[in-house]
Each structure stands twice: as structure tokens, then as C-alpha cells.
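The values are calculated or read from the model by the stated rules, or taken from the named source; none is laboratory data. What you see is a predicted model, and the numbers here were worked out from it, not measured in a lab. Note that we place each Cβ from the backbone using ideal geometry, even for glycine, and neighbour counts take in every protein chain shown.
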């Protein structure tokens, strides 16, 4: 069964941990949008802006979506991991990948995200966490899951409940 999953939310909410666990569980293709941005020098914030412009995310999408479209067409599940703080970015992927999809917005209080960020290797810092939390929190998209007081495995179980049974029946 072909589909893709978008895992979105603020820094420190647990997106990458959850997306990687889900990728492994479903034997899916993992796409780290932030890594694509960095690799292609698209992760820059203009001096007159508060965040990376939507156009840069769309440029990053264009670098990988054609190959992913072919993989989904052949039955591979794809998991996207990013903050997705631009609605336009989400809608661009949906438009360019005309397949069944599931979008999950992960949430936690900003204080929880700051604490989680402090504990990780590649810290972004309090100001970055607050800024991205504010941007992501401007809108919800898809299924909203509160990760506060949940382990990554508990969050993963909640996500699995919303995915097609056929994909999960062999797992």
C-alpha cells in the first residue's frame, strides 16, 4: 500500500525520534528535510525574515520529490521529518505527490521542547526553540498528538492507530 507520512512539529518535540522509529517499523524511506536544506545551502534566514522562507523548502522538495514519487508508485512508504512551519510547504508536497498521505502534528509545551533540546547532542538553543515553536504553533495540520508526558514509543503507538491496517498487519 503506497502512501507517505509527514511528521511535523517544533524543535525538541520528538519528530526525528518518532519519524526514524516509524521508518524502521514500516521499512519505509526516511526524508530529513532539514538535512536537504543544509546540504543545498537553503537553510538560511534572510536578514528581513524570522525564518527560512517557504520557497527554500519548496526548492528542497524539488530536489527529492521526483525520486520519491517513483518509490511511492512502486509501493514504498515515505516518511517526511521537518518542522513544516509553512502551510505552503505541506500543500506543495501533497500536490506533487498525489498519493494517500497522513500528517501528524506533534505538540508539547515550549518549556518541554527547550528541556529536550538541552539534552540532545546538536542543541539549537532556547531562542531557536522558542522561535520555531511559535511558528509551528500558528496552525495545526492533520492529526494532532500531544507528546508531553509520553515516551517516543507511546507516541509511535498513537500514530500507528491512524495508519492503514494492511501496512501494520505484517509488523
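Summary table
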item	result
Residue in the range 53-73 that is closer than 25 Å to residue 151 by Cβ, crowded, with 16+ Cβ neighbours inside 10 Å and modelled with pLDDT under 95 present	no
Residue within the range 136-146 that is touching a helix residue (DSSP H, G or I) at 6+ places or on another chain (Cβ under 6 Å) and more than 20 Å from residue 52 (Cα to Cα) present	yes
Close pairs (7 angstrom Cβ cut-off, 6 or more residues apart or separate chains): free of Cβ contacts under 8 Å to residues at least 60 places away in the same chain in the range 92-112, part of a strand (DSSP E or B) and surrounded by 17 or more Cβ atoms within 10 Å (Cβ to Cβ) anywhere	94/101
All helices (runs of 4 or more DSSP H) inside the range 124-171 with 3 or more residues being modelled with pLDDT under 95 and either surrounded by 12 or more Cβ atoms within 10 Å (Cβ to Cβ) or at negative phi (or both)	126-136, 165-168
Subset of the range 100-114 (residues that are in contact with a strand residue (DSSP E or B) (Cβ under 6 Å, 6 or more places away or on another chain) and either closer than 22 Å to residue 133 by Cβ or not in a strand (DSSP E or B) (or both))	103, 104, 105, 106, 107
Hey, residue 6 modelled with pLDDT of 95 or more, part of a helix (DSSP H, G or I) and within 20 Å of residue 96 (Cβ to Cβ) or not	no
